[in-house]
1. Output wanted: per-residue J couplings in Hz (rounded whole) for region 110-116, from phi through Karplus 6.51 cos²θ - 1.76 cosθ + 1.60, θ = phi - 60°, x for Gly and Pro.
2. Provide the per-residue ³J(HN,Hα) series for region 6-18, in order, calculated from phi with Karplus coefficients 6.51, -1.76, 1.60 and θ = phi - 60°, each as a whole number of Hz, with x at glycine and proline positions.
3. May I ask for the net charge around R60, where only other residues with Cβ less than 11 Å from the Cβ of R60 are counted and Lys, Arg are +1 while Asp, Glu are -1?
4. For M1, M178, what's the fewest-to-most ordering of other Cβ within 10 Å of each Cβ?
5. Beta carbons within 10 angstrom, averaged per residue: use that to sort the peptides 13-21, 109-117, 123-131, highest first.
6. In whole Hz, with x marking every Gly and Pro, tabulate ³J(HN,Hα) for region 70-84 from phi via Karplus 6.51 cos²θ - 1.76 cosθ + 1.60, θ = phi - 60°.
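None of the figures in this text is laboratory data; all of them are computed from the coordinates on show. Just so it is clear, the model here is predicted, and its values are computed rather than measured. Note: ideal-geometry Cβ built from the backbone for every residue, glycine included; neighbour counts use all protein chains shown.
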Amino acid sequence: MALRIEPLSPKNWAAFADLFDTTGPVGRCWCMYPRIGAAYRHHDATENRRDFKALVHEGRSPGLLAFDGEQAVGWCGVTPREDVPHLQKIWPKSGADKEGTWRISCFYVRKGYRRRGITRALIDAAIGHARDQGATAVEARPLDASLSPSATSAGYVTTFAAAGFEPVDRTKPQSPLMRYQL
């Protein structure tokens, strides 16, 4: 499979909507949790979709889409830290918590495409994208599967470590703050 990864924009919104238009948690959240926290649960999916679409149509790309041909098969939320205010409140201060720090907030990979390296490809693309936009560091809070059996939309520590991220805070051992310094 030859993946193509590009920033989410109004041009590829329909492919993103097709990826997220599901009955699962992603179809309810529409990537609003990093912005408004658990309040997204009090909105119906249509409202979250509308609000997220408005962000995209403002011209700010909130992340990257992975394509297999013309079908979107993966998503990675990656933005400057200021664009995900809820994460600002709940993630530990990290020393690099300053202007220029970007955050990888979530992933979604289409069923049938999981365990095929798409998350790792999206992490690598997120690093490059953030670097191209002038970031100084990229942070994430992936799950340490050795400490928690839970499923995750945040990726796994082992995948981030393989991509060169290092733990910088283990206040929550099951989901340490990891950083890639640019």
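1. Taking θ as phi minus 60°, the curve returns 4, 4, x, 10, 6, 6, 10 Hz for region 110-116.
2. Per-residue couplings from phi come out as 9, x, 5, 8, x, 4, 10, 4, 4, 5, 5, 4, 4 Hz.
3. Every neighbour counted, the sum reads -3.
4. Placing the least packed residue first, the sequence is M1, M178.
5. Highest to lowest by the protection proxy: 123-131, 13-21, 109-117.
6. Couplings: 9, 8, 6, 10, x, 9, 9, x, 9, 8, x, 4, 5, 7, 10 Hz.
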